[in-house]
Amino acid sequence: MTKLTGIFGYPLGHSISPAFQQAAFDHYAISARYEAWPTAPEDLKREISKLRNERYLGANVTVPHKEKVISLLDGIDSWAESIGAVNTIVREGSQLVGYNTDAFGFVRSLTEKGNFDPEGKRVVLLGAGGAARAAAYGLAKEGIASLTIANRTVERAERLAEEIRRAGLITNVSGLGSPELATACSEADLIVNSTSVGMWHGPDEESSPIAAKTIPTACVVYDMVYNPPFTPLLQEARKAGAVALGGLAMLIYQGAAAFEKWTGRKAPINVMFAAGENALSDMIATS
Ligand code: ATR
């Protein structure tokens, strides 16, 4: 019997997960299909319940379902609980268990693709939404020296900072608004963008959240946005002479961790990267 897995999101027009996950299954000749399942919020409960059938390995979950899906599952792991979001569901017998592999994917992409060891580093995180939460928890667990969370809505940044502090992972955490951002960036070893600024078809696709003059040369700039691959922020980072890293690697590594949970096999990471890069190029070429 061909096993099934896929991704729930809404809308789901441009996901490249089907391309690189299918490539991984095919690499091992596992009889499984990875499908795109665009699912409106009112249909989520019904669609998730289908995963209990033994034909299913599990699923990925993306915007806007990552938080809401939790109440439909039988359990979640500690990362999903801290971050408050699930991006991977695994059918374990009759149980549906939720995981969050975003933080892991983010940290692995930073260390392996960016050659960046977060321990002892000063980090500025732009944004305070779901993607920011994954980055903040992932980095805090890696022993960074300080975390400054900057967000358009400053209260949201302060709330996330307070939560990370209370979790006891690091003490040097603060939240701030845009006016104080330049000073925080001038002392940063790593600047991470988790906002949707610069995202293809996003509300602010031509913009960079910060300009080159705000970016220190001896800094790594990581944009979680993966489309376009060379975002306005990464262009500013290059101008400043800093290291520029795009978000595709995070997407692949979070997916690789999901693949390993579904199959118990080591994810063929190079195969997944090649398929992901191809799918992204095709998408850009046809848009
Ligand atoms: P996700 O789950 O992808 O992180 P989200 O929870 O909606 O999505 O968070 C989006 C983030 O991008 C937020 O930090 C948001 O700032 P606000 O909290 O002030 O809304 C940020 N963001 C979105 N558009 C932005 C813009 N034009 N300028 C600055 N920040 C923006």
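Bear in mind that the values in this text are calculations on the coordinates, not laboratory data. Only a predicted model underlies this, so the values are computations on that prediction, with no experimental measurement involved. Glycine gets a Cβ as well: all are built from the backbone with ideal geometry, and neighbour counts include every protein chain shown.
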Quiz item: Taking only Cα atoms, what is the 0 to 90° angle, nearest 10, from helix 154-166's long axis to the longest principal axis of the chain?
Solution: 70 degrees
Self-check item: For segment 1-130: relative contact order, % (alpha-carbon pairs under 8 angstrom, 6 or more apart)
Solution: 21 percent
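Translational D (Stokes-Einstein, µm²/s) of segment 149-232 at 20 °C and 1.002 mPa s when Rh comes from the Kirkwood sum over C-alpha pairs? Write out the running numbers ahead of the final one.
On the way: Rh = 13.8 Å.
Once the numbers are plugged in, D ends up at 155 µm²/s.
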Practice problem: Set the Förster radius R0 to 25 Å, insert the Cβ-Cβ distance between GLU92 and THR2 as r into 1/(1 + (r/R0)^6), and round the FRET efficiency to 0.05. | Solution: 0.80
Quiz prompt | Rounded to 10°, Cα long-axis angle of helix 248-263 versus longest principal axis of the chain | solution = 30 degrees
Quiz item: Shape call for segment 12-104 from the C-alpha gyration tensor, a ≥ b ≥ c root eigenvalues: rounded (a/c under 1.5), prolate (a/b greater than b/c) or oblate?
Solution: rounded
Exercise. Please state the charge dipole magnitude for the chain, taken about the Cα centre, from unit charges on C-beta atoms (+1 on K and R, -1 on D and E), reported in debye and rounded to the nearest 20.
Key: 440 debye
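In this model, which of LYS113/LYS266; LYS66/LYS141; LYS68/LYS261; LYS3/LYS45; LYS45/LYS141 are farther than 24 Å apart at the alpha-carbon?
As for pairs spanning more than 24 Å Cα to Cα, those are LYS45/LYS141.
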Practice problem: Return the single residue from VAL86, VAL97, VAL107 with maximal mean-square fluctuation; model: Gaussian network over the chain, springs between Cα atoms under 10 Å. | Solution: VAL97
Quiz item: Between rounded, prolate and oblate, where does segment 100-199 land on the alpha carbon gyration tensor, with a ≥ b ≥ c its root eigenvalues, rounded for a/c under 1.5, else prolate if a/b exceeds b/c?
Solution: rounded
Practice problem: Considering only GLU158, GLU92, GLU236, give the residue with the highest GNM mean-square fluctuation for the chain, with springs between Cα atoms whenever their separation is below 10 Å. | Solution: GLU92
Self-check item: Relative contact order [Cα under 8 Å, 6+ residues apart], segment 129-287, whole percent
Solution: 14 percent
Quiz prompt | Rounded tilt (10° steps) of 17-27 against the dominant C-alpha axis of the chain | solution = 60 degrees
Quiz item: Looking only at segment 14-34, which residues have a backbone nitrogen under 20 Å from a spot 7 Å from the Cα of ASN270 in the C-beta direction?
Solution: 20-30
Quiz prompt | Between segment 142-204 and segment 60-116, the alpha-carbon center distance in angstrom | solution = 21 Å
Quiz prompt | GNM top mover of ALA211, ALA258, ALA24 - the chain, alpha-carbon springs below 10 Å | solution = ALA211
